[in-house]
Amino acid sequence: MPKLRHNPALHSGAAARRADELDVSQRDHMDKSEQRIHAVLGDDNERTPRNARHYLVHLKKHLSLPLRVTGIEDFPWEKPYVLGGWDRNEYEEMKKTNPSYTDKFDLIDILDPESDDLIAKIRRISDGQTFQMELSWLRCVDKKSPDYVTLNDYSVWHVNY
């Protein structure tokens with residue numbers, strides 16, 4: 001069983017919590033998620049480029065693209081603006097040409113991994129701009145969709161294994 005680093009549903013909010021400190025519903029969710037990840041990758045579920053390619057095949061087979069997605073948490077380029085008090089006007093200007101975790105996107109394709117994270121090709125709903133970014137930073141907007149679970153399981157695997 002992998003060491004739990006954090007709950008990707010919260011992505012950073014539970015980063016410092018250990019698995020035994022999670023409440024029962026979160027533990028049950030992780031157990032079910034771990035079972036689904038095992039069904040995709042088997043016993044060799046370490047986060048590697050090879051396993052990312054296995055996940056790519058699974059996701060292309062099971063996700064309904066295009067899929068409406070948004071950010072799980074602020075994207076790396078946004079952190080100094082969101083957390084560090086950098087210039088708000090500059091942030092708003094940068095968001096015009098960069099994807100923001102507050103945007104909604106259509107996930108239009110998933111590309112071969114450059115490392116151990118798959119690459120998402122996304123199109124921003126508000127202006128049609130396309131971007132490529134790490135898939136593990138995205139979540140399905142519709143929490144009732146089976147795609148939500150499938151994409152969340154990928155993020156669980158990427159963050160925790």
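The values are calculated or read from the model by the stated rules, or taken from the named source; none is laboratory data. Keep in mind it's a predicted model, so treat the numbers as computed, not measured. Note that each Cβ is placed from the backbone with ideal geometry, even for glycine, and that neighbours are counted across all protein chains shown.
Of note:
- Matching entry among Asn45, Asn51, Asn98 (being in contact (Cβ under 8 Å) with a residue 12 or more places away in the chain, on the phi < 0 side of the Ramachandran plot and touching a His at 6+ places or on another chain (Cβ under 8 Å)): Asn45
- Index of the failed condition, Asp106 passing every other in (1) modelled with pLDDT under 90; (2) touching a Pro at 6+ places or on another chain (Cβ under 6 Å): (1)
- Only one entry of Ser136, Ser100, Ser145 meets the criterion of being surrounded by 14 or more Cβ atoms within 10 Å (Cβ to Cβ), small (Gly, Ala, Ser) and in contact with a Gly (Cβ under 9 Å, 6 or more places away or on another chain), and that entry is Ser100.
- Of the numbered criteria (1) modelled with pLDDT of 95 or more; (2) in contact with a Leu (Cβ under 9 Å, 6 or more places away or on another chain), the one Tyr148 fails is (2).
- A Cβ distance below 7 Å, combined with a sequence gap of six or more or placement on separate chains, defines the contacts here; from the range 69-93, residues that are free of Cβ contacts under 8 Å to residues at least 60 places away in the same chain and farther than 30 Å from Asp153 by Cα reach residues that are surrounded by 11 or more Cβ atoms within 10 Å (Cβ to Cβ) and of a type outside the set (Val, Ile, Thr) in the pairs Trp86/Pro80; Tyr91/Tyr81.
- Here the condition is being out of contact with any Ser or Thr (no Cβ under 8 Å at 6 or more places or on another chain) and surrounded by 13 or more Cβ atoms within 10 Å (Cβ to Cβ); of Ile122, Ile72, Ile37, Ile108, it holds for Ile37 alone.
- Among the residues here, Arg50 does not qualify as farther than 20 Å from Tyr161 by Cβ and surrounded by fewer than 18 Cβ atoms within 10 Å (Cβ to Cβ).
- Selection count, the range 54-101, where residues are closer than 18 Å to Thr150 by Cβ and of a type in the set (Gly, Ala, Ser): 2
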